[in-house]
Structure formats: structure tokens, C-alpha cells
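The values are calculated or read from the model by the stated rules, or taken from the named source; none is laboratory data. Just so it is clear, the structure is predicted and the values come from calculations on it, not from any experiment. We place every Cβ from the backbone using ideal geometry, glycine too, and count neighbours over all the protein chains shown.
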């Protein structure tokens with residue numbers, strides 16, 4: 001995964017443009033099912049309008065009558081204010097400082113700033129560099145950008161399962177050279193799609209979308225209302241590549257099946273995690289959870305919510321040049337992928353059962369299912385799983401709920417349910433047949 005991230009890292013992405021297309025083209029090498037969708041400038045999507053497409057030819061700042069550039073877009077794309085309007089001219093220091101963005105608390109870091117919907121130009125640079133600028137000299141600015149009628153681009157992967165019911169995984173790819181936020185989500189989503197595309201038989205259908213944050217999610221929703229009824233589970237994947245504990249931000253309702261499955265998967269993983277109620281901040285779960293849509297979509301992250309306050313504070317390197325290839329670690333990406341795969345596995349295996357022995361406990365011995373003699377974890381798990389399954393398999397409690405009640409790993413309850421089903425003591429129901 002880190003190798004893919006290294007390929008994507010240098011590209012200048014934004015909410016539109018060739019950087020997005022090139023990113024999606026590389027992802028398509030890994031998941032050939034990926035399709036690009038282009039939406040034209042000016043199209044109305046709910047309360048929004050697709051903006052003009054942005055293109056950067058070159059951008060630099062230097063002292064007047066000097067050949068040495070102070071900052072150059074070609075050296076690092078974060079130097080340019082993302083979606084900066086074009087500007088060429090000679091200016092004094094006082095004018096320049098109105099168009100420069102720095103972080104005083106981290107003087108050697110370059111901030112990431114955007115002006116998608118503002119008529120502004122500017123540069124981002126380390127505060128230490130800004131402080132060394134000569135206040136008595138003039139500066140030559142060359143920002144050769146273009147805003148034109150083009151398209152907004154997003155990517156979509158659809159893996160058809162046995163059912164029309166869908167699992168939606170959404171991630172955003174508008175950030176340029178930033179790794180945790182959000183190349184980590186992009187890469188994880190691509191690998192998750194790659195893994196599921198290799199499965200021969202899936203119960204659910206899976207839809208993966210790679211969109212520019214906010215405007216891209218709004219666009220996808222506006223163009224796909226016919227799919228809403230099929231989406232039964234959803235996650236927004238972002239900030240999954242650092243060493244912070246997992247945080248699961250629940251769906252807007254807070255009591256959807258996806259909320260229970262993610263909580264159970266995290267419990268079973270043995271990893272440190274925290275549950276967080278929904279609030280209208282964060283990422284694209286804001287769009288999926290808006291009142292007129294309210295899809296069952298949560299967000300499983302790591303460093304995005306590091307405090308329990310609302311709003312929560314993100315990891316310190318957030319939206320700076322310090323969110324780089326050294327900050328994100330391959331082992332953390334692998335951990336995150338494994339948790340996401342476990343969630344998908346639980347979604348696939350979860351079922352509703354109806355007991356075929358409603359009066360009294362079943363006589364296991366006559367079915368050659370009597371308990372082994374002795375003690376130990378396996379015997380305990382089997383005994384407890386049988387008792388809880390036979391008690392709560394009433395067509396209302398699914399396996400996730402029963403495993404939670406029994407305080408057993410989901411896989412243990414699932415395995416015992418298979419045994420009881422084969423013995424004729426349980427029968428799938430409620431569309432899970």
C-alpha cells in the first residue's frame with residue numbers, strides 16, 4: 001500500500017483537474033473495474049453548482065531582478081494556494097504578506113489552504129522562510145493558473161453481489177501532497193475494493209466512490225438518488241494511516257446496523273478504540289447524513305478525532321507538509337485494512353435466524369451435539385453460544401446482536417450458528433435465506 005501512496009503523493013489534486021484524473025488512472029491499474037465520471041461545470045447539484053475546472057501551469061515567487069525563486073510550485077504543490085486565481089506582477093512586501101499563509105506554531109511546516117469558491121491568489125510557505133523575507137525589496141509574482149468550463153471528475157467501482165442491497169465505501173481524493181488526510185483513505189479504499197473484487201461469491205453488492213470532498217459527495221448523491229434505497233451499510237474512509245487509536249463516528253441515527261457491526265469488529269480486534277456520536281462536522285458523512293438523505297453511513301478513522309471535545313481536534317500534522325510519507329506508516333495502513341476487511345466479513349456473515357425449538361432447551365445429545373467433557377475457552381464459547389443462539393434467535397436479533405449479548409467473538413457465534421443450522425435447530429429468515 002505504501003508503494004501506491006508514493007506514486008500518488010507528488011500529484012497536485014484539487015476538487016477538479018488533471019491531478020484527480022491521473023490519480024484515478026493509477027488506481028484503475030489496481031482495480032480495473034474503476035470507472036471515471038465527468039460532470040460539467042455549471043451543473044446544479046442540490047444547492048451547489050459544479051465549479052470551473054482549475055489548471056496550474058506554473059507558479060513561483062522571487063525577488064525582483066533575481067533569478068532565484070523563493071518558492072516554486074514545481075518543488076512542492078502545497079506552496080500554491082489551492083485553486084489560486086492567476087496573478088502576475090511586481091509588488092512590495094506589505095502587499096505580499098496579505099497573500100501569504102504560514103503556521104507560526106510550526107515554523108518549518110508549510111500549510112495546506114484552499115480558496116475553491118473565493119477570488120483570491122496566494123502562497124503557503126514555512127513561517128521561518130516568511131520571516132527571512134526582506135521587507136525593503138520588491139517581489140515578482142507569477143501564478144499562471146487557469147479557471148475554465150470543464151468538469152468535476154470522480155471515480156466509482158461497483159462489485160455486484162447476490163443481492164441488490166449495497167455497502168457504500170466513500171473516500172475523498174481532492175487533497176494534494178498530504179498522506180494521512182487523505183491518501184491513506186484513497187489507498188485503503190482501493191485495496192479494499194481489490195480484495196473484494198477477488199471474492200467469487202458475495203452476498204452484498206459493493207460500491208466504492210472516490211470523490212472530491214463535499215462537492216463530490218453532493219454531486220454523487222444528486223446524480224444517484226435511485227440507489228439510496230439499496231444502500232444498507234456505509235463508511236467514509238479517511239485518516240487511517242497513523243498510529244492513533246481507532247475512532248468510529250456513528251451514523252446520524254446512531255443505531256444502524258453498520259454502527260453495531262463496526263463496534264463489534266473493533267471489540268473483537270482487541271485494539272484500543274473510541275466510539276463517537278454523530279455531529280455535523282468531519283468529512284462526507286455530513287452529506288450522507290443530511291436530513292433529507294440520512295443514509296446509514298458512519299466513519300472509521302484514526303487520527304482525525306484525537307479529543308473527545310466537539311469539534312474534535314485532528315492530529316497535529318493535519319493540513320500541513322508534515323503529513324507526509326514519513327508520517328504514515330505501512331503497518332498502520334495494514335492494521336486499518338484488516339479492520340475494514342473484518343467489518344466487510346461481518347456484514348457478509350451476519351444473518352437473522354429463527355429457532356426451530358421454541359419450547360424448552362433442545363436435547364443436544366440426540367443430535368450428537370452434546371458438550372465435550374472438561375473445561376477451557378473453546379468449551380465455554382460453545383456452551384454460551386448455543387444457549388444464547390437458542391434463546392435469542394427469534395427473527396429479530398441478528399448474529400451481531402446475539403454475539404454482543406453473549407459477549408463472545410462474532411466468529412465463535414457464527415460458527416456455532418452454522419452447526420445448529422445444519423442440525424435443524426436454526427433456520428435463516430427475514431431475507432437471509
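Kindly indicate whether any position in region 341-351 is at pLDDT 95 or above, under 30 Å from residue 10 (Cβ atoms) and either surrounded by fewer than 20 Cβ atoms within 10 Å (Cβ to Cβ) or not assigned by TED's automatic domain parsing to the domain that holds residue 201 (or both). Yes - at least one qualifying residue is present in region 341-351.
Is region 131-140 home to any residue that is in a strand (DSSP E or B) and out of contact with any helix residue (DSSP H, G or I) (no Cβ under 8 Å at 6 or more places or on another chain)? Yes, that holds for at least one residue.
When residue 257 is tested against the conditions (1) surrounded by fewer than 20 Cβ atoms within 10 Å (Cβ to Cβ); (2) within 25 Å of residue 159 (Cβ to Cβ); (3) touching a helix residue (DSSP H, G or I) at 6+ places or on another chain (Cβ under 7 Å), the lone failure is (3). Got at least one residue in region 393-401 being modelled with pLDDT under 85 and either over 23 Å from residue 260 (Cβ atoms) or part of a helix (DSSP H, G or I) (or both)? No, the conditions are met nowhere in region 393-401. With respect to being surrounded by fewer than 20 Cβ atoms within 10 Å (Cβ to Cβ) and outside the structural domain of residue 227 (by TED's automatic domain parsing), residue 160 falls outside the description.
Among the residues of region 343-355, at least one is touching a residue at least 24 places away in the same chain (Cβ under 8 Å) and in a loop (DSSP other than H, G, I, E, B). Closer than 18 Å to residue 13 by Cα and without any contact (Cβ under 8 Å) to a residue 40 or more places away in the chain: which single residue out of 67, 119, 72 fits that description? Result: 72 is the single residue among 67, 119, 72 that is closer than 18 Å to residue 13 by Cα and without any contact (Cβ under 8 Å) to a residue 40 or more places away in the chain. Between 83, 87, the distinction of being on the phi > 0 side of the Ramachandran plot, at pLDDT 95 or above and not assigned by TED's automatic domain parsing to the domain that holds residue 191 belongs to 83 only. In region 33-56, what residues are within 20 Å of the chain's Cα centre (by Cα) and either in a loop (DSSP other than H, G, I, E, B) or surrounded by 14 or more Cβ atoms within 10 Å (Cβ to Cβ) (or both)? Selection gives 33, 34, 36, 37.
If you filter region 73-109 down to residues that are touching a helix residue (DSSP H, G or I) at 6+ places or on another chain (Cβ under 7 Å) and surrounded by 13 or more Cβ atoms within 10 Å (Cβ to Cβ), you find that the one that is nearest to residue 144 (Cα to Cα) is 73.
Of all residues in region 177-220, those satisfying the criterion of being more than 16 Å from the chain's Cα centre (by Cα) and touching a residue at least 60 places away in the same chain (Cβ under 8 Å) are 177, 195, 196, 197, 202, 203, 204, 219.
Please work out which residue is farthest from residue 86 (Cα to Cα), limiting yourself to region 120-130 and to residues that are within 33 Å of the chain's Cα centre (by Cα) and not in a loop (DSSP other than H, G, I, E, B). Applying the filter and picking the extreme gives 127.
Put simply, of 316, 308, 331 the only residue that is outside any loop (DSSP other than H, G, I, E, B) and under 21 Å from residue 242 (Cα atoms) is 331. Against the criterion of being surrounded by fewer than 22 Cβ atoms within 10 Å (Cβ to Cβ) and within 20 Å of the chain's Cα centre (by Cα), residue 112 qualifies. Screening 280, 245 for residues that are closer than 30 Å to residue 39 by Cβ and either exposed (fewer than 14 other Cβ atoms within 10 Å of the Cβ) or modelled with pLDDT of 95 or more (or both) leaves exactly one candidate, 280. Within the bounds of region 275-294, is there any residue that is free of Cβ contacts under 8 Å to residues at least 60 places away in the same chain, over 26 Å from residue 112 (Cα atoms), touching a strand residue (DSSP E or B) at 6+ places or on another chain (Cβ under 8 Å) and not in a loop (DSSP other than H, G, I, E, B)? For region 275-294, residues free of Cβ contacts under 8 Å to residues at least 60 places away in the same chain, over 26 Å from residue 112 (Cα atoms), touching a strand residue (DSSP E or B) at 6+ places or on another chain (Cβ under 8 Å) and not in a loop (DSSP other than H, G, I, E, B): present. For the structure I just gave you, tell me whether residue 265 is surrounded by fewer than 19 Cβ atoms within 10 Å (Cβ to Cβ), touching a residue at least 40 places away in the same chain (Cβ under 8 Å) and in a helix (DSSP H, G or I). Here the answer is no, as residue 265 does not meet what is asked.
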